[in-house]
Structures are given as C-alpha cells and as structure tokens.
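Below: the structure, in structure tokens.
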Amino acid sequence: MVSIAVNKSRDNVAMLGIGAYRPQRIVSNAEVCETLDSTPEWIFERTGINNRRWVSGDETIQSIAAAAGERALKNTPIDRAEIGAVILCTSSWLKLTPHGAPSVASDLGLNGVAAFDLTSGCGGFGYGLGVAADLIRAGSFDYVLVIGAETMTVGLDKSDRSTAMIFGDGAGAVVVGLSEENGISPAVWGSDGENAEAIAQHPDFLEYQQRALRIESQWQAGETEIESVGKMTLSMEGPKVFRWAAVTLPRALSAALDASGVAKEDIEVFIPHQANARINELMKKNLGLAESVPMANDIENTGNTSAASIPLAMEEMLVTGKAKGGQIALLLGFGAGLSYAGQVVTLPPAPKEPSF
Ligand code: UT7
C-alpha cells in the first residue's frame, strides 16, 4: 500500500513583526467636501474621520503593498529567505490575471514563494491572518507574510454620499510564524451572502463586457451617440451595513473570546476594522470592555482602508505607545460579503521602522 506523506503539524503561531505604509497625500474633510455635498462637521460626527490618505504620484496598489511588506520584513527578526508564502489581502487589485501576490513577492526579493490573493472585503486581513496561522499549524510553511493593501480611492465616486468621505488608501503587513507561545487564537469567521449586494462594485466584469460589446457594435453601425464605457465604482448601503454590523458583530466578538479561552477582562487592546468610529464605540460598549481598554482609532486620520485597516491601526497603536508588543488584543474585521473574521492575538513588537 502506498502511503502519502502528511505535514507535521504544530501548535504555536504568532505575529512576529509588523510594518505599514501610509500614502503621502493627506486629504482633509474640507477637501472631500469640494466634490461631496456634505460638511466636515457631519463627516466627523457620523464617522469619526478627519483626514484620510489617497495615493498620488507613482503610488500604486503594488507599490504600497510592497512598501508595507518590506517594513514588516525589516521589523521581524528572521531572514526573509525563511518566508514560505505571501498572502495579499485586497479588493483593489483590479486584474484577475495576473493576481497581485506573485508580483509583490517578487518586488520583496521573494520570487518563487507560494503567493496568492485573498479577497474578502474589509474582513480580508482577519481571513488572511486565520489562513496563515492555519497553514503554519498544518506544517505547510514556517513563516508567512500577510499583507492587507487597498487603493479604495481608485474606484471612488467622489460625489457619492455613502462612500466618498469614508474610504482611504494604505497598506499594513505582518509576518506570521512559529513561536514558543501561541499568539493567534482560532479564527471566528462567517458571512451573509443574502445581503451581499449591500457593498458592491459597479459595473461588475460581466456588465462591463456587455457594455463594451454594445459600444463596439454602435461604432460599427456608425452611430453618433456612443455609450460611455463608464467608471468602475463602489456602492454601499451604509445604514444596512450598519444594522448588520450591530446585530452580527457582538456575537462574533463573543465567539472569538470563547474560541480563544481568554476572558473578556484579560483583553488589553481592542482593534476592530476602522469602518466607522461610531460602530466601534458601540461594539466596545456592548461587549462590556472596560472604559480603560485602549481601542484603535486610526480611522480619524487614515479613513477606512478596508483590508488594510487592522494592520495599519495596530501599527499606529504600537508606534504611539497606546499598545505594547505582547499585549493581548481582540481583532475583528468586517464588511463586503457581508463577511467578518476575528481572533484574539498577542501583539507583535513595536516596529523599529515605523510608517510615520
Ligand atoms: O468598511 C466596510 C463596512 N462599512 C461599514 O461598516 C459602514 C457602515 N455605515 C456607515 O458608516 C454609515 O451608514 C454612513 C457613514 C455611510 C452613513 O451614515 P448614517 O448615519 O448611516 O447616515 P444615513 O445614510 O442614515 O443618513 C442620515 C442623514 C440623511 O439625512 P435626513 O434624511 O436625516 O435629513 C442623509 O441624507 O444624513 C444625510 N447624509 C449625509 N449628509 C451629509 C447621508 N450621507 C451624508 C453625507 N453628508 N455624506
């Protein structure tokens, strides 16, 4: 009987280092209101955002993902040759082929490693962290680089009241690897496809293709009124997502605590996805975390960077001293899908090379 080899599994995995990249251009609420029918005060009151970063010049999804990955590698005490896989968590890589992770890995001097994209909206980093931890536990790799990177503003309708003031660009990355003590709990993850259209890209690729075919036949028929090819944008039914978040996320947070075996009282830091500061305040209150537990508020000056928001917020807390390496933190990402993923972790050390 032929026996097929199986990986040797192991238990303890942790985030060993972190890095981030914040695009150069800072965009204030006042600037957003040059194209949006809103006010800086409304935006701050309803979302907690004052500024966000938008890519400019030669910054691209690939360059910012690689810049965050480079910092994470420099901030981790292992040789990059030990990285076995790169997971790029993003909804902004606008080509299905080739996907982004191989090019980013190559930019990082990691050509040849396993490299794949993971698309799970704003919950993307939580999914990526869970997949990386489980791949390492299963023995597939010893070290995995997980990058959350987004250029949300590339498809942003700057006059749309439900998205224009919220989204920003940025990238954050962590090196996940074998460690003496376990620092990543089992992930708690889920989805609600019945409400999937609440956050959606328009037009989708099929609609785009149909439109392109119509345009071609309009040209061929010599018509004078040619349809516009249109821009790809993101739409969000904000209040619907808000309501879903209010019902689903408290359960997800409790489940994450149960799965981790860590008591609520032992959570030292709370780092939810930076979607809206009001959602985060509500979650913290409903979960019953003590007032004194620091909560990430990177949204104030970075906006909502989707799959990049948790590593960016974690980096900000470590750099500013609001949180310390080794502390126990509760993470929860959520958004398009609608989907979510969270876990209890120990924080990586503060980065030697910060993003600001
Ligand atoms: O990251 C992925 C996950 N995303 C989220 O979790 C986002 C969740 N949702 C939200 O963050 C919020 O729903 C938004 C920030 C998008 C919108 O805030 P809201 O408090 O839910 O506003 P609303 O759509 O319920 O509108 C309330 C009022 C309306 O006016 P009336 O009818 O009360 O007179 C809107 O017309 O605010 C008005 N409004 C605005 N005013 C100024 C809506 N959007 C704007 C705006 N500027 N941008």
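A few comments on the model shown:
- FRET efficiency, 1/(1 + (r/R0)^6) with R0 56 Å, evaluated for ALA221 and LYS285 via beta carbons: 0.35
- Altogether, the Stokes-Einstein calculation at 20 °C and 1.002 mPa s, with the Kirkwood radius of the chain over Cα pairs as Rh, returns a diffusion coefficient of 103 µm²/s.
- Rounded to the nearest 10 degrees, the angle from helix 205-220 to the longest Cα principal axis of the chain is 20 degrees.
- Here's the picture: a label point sits 7 Å out from the Cα of PHE242 along the beta-carbon direction, and within the range 44-79 the residues with their amide nitrogen under 19 Å of it are 44-51.
- Spin-label model, GLU180/LYS352: points 7 Å from Cα along the beta carbon direction are separated by 2.0 nm.
- Take the Cα of ALA263, go 7 Å toward its beta carbon, and the backbone nitrogen atoms of the range 282-310 under 18 Å from that spot belong to 287-293.
- Entry note, the chain: relative contact order of 27 percent, from Cα contacts under 8 Å with a spacing of 6+ residues.
- In loop segments of the range 86-188 as defined by DSSP, the trypsin sites (Lys or Arg not before Pro) with at most 11 further C-beta atoms inside 10 Å of their C-beta are LYS95.
- Placing dummy labels 7 Å off each Cα toward the beta-carbon, the span from ARG211 to ILE26 is 3.6 nm.
- Additional length obtainable on full extension of the chain from GLU34 to ALA138, 0.36 nm per residue less Cα span: 32.3 nm
- Label point distance in nm, SER9-ARG161, each placed 7 Å from Cα along Cα→Cβ: 5.2
- Distance violations [Cα-Cα > 32 Å] among LYS240/LYS352; LYS74/LYS158; LYS74/LYS231; LYS8/LYS95; LYS74/LYS285; LYS264/LYS352: LYS240/LYS352; LYS74/LYS158; LYS74/LYS231; LYS8/LYS95; LYS74/LYS285
- Among the trypsin sites (Lys or Arg not before Pro) within the range 38-76, not one is in coil by DSSP while having at most 14 neighbouring Cβ atoms inside 10 Å.
- Helix axis angle, 277-287 relative to the chain longest principal axis, alpha carbon, degrees: 40
- Under DSSP loop assignment and at most 13 Cβ neighbours within 10 Å, longest GluC sites (Glu not before Pro)-free interval of the chain: 35-179
- Of all accessible heavy-atom area on the chain, the percent that carbon and sulfur account for (1.4 Å): 52
- Anchor LYS324: aspartates and glutamates whose Cα lies under 15 Å away (excluding residues fewer than 8 positions away in-chain): ASP266, GLU268, GLU315, GLU316
- Highest-fluctuation residue, MET283, MET232, MET295 considered, GNM on the chain with Cα pairs under 10 Å: MET232
- In a DSSP loop and with at most 13 other Cβ atoms within 10 Å, the trypsin sites (Lys or Arg not before Pro) in the range 187-288 are LYS231.
- The residues of the chain expose, per residue, 45 Å² of accessible area to a 1.4 Å probe.
The values are calculated or read from the model by the stated rules, or taken from the named source; none is laboratory data. Treat the numbers as computed from the prediction; the structure is a model and nothing was measured. Please note: Cβ atoms are built from the backbone with ideal geometry, for glycine as well, and neighbour counts cover all protein chains shown. SASA here: full protein model, heavy atoms, side chains in, ligands and nucleic acids out. Shrake-Rupley method; radii C 1.70, N 1.55, O 1.52, S 1.80 Å.
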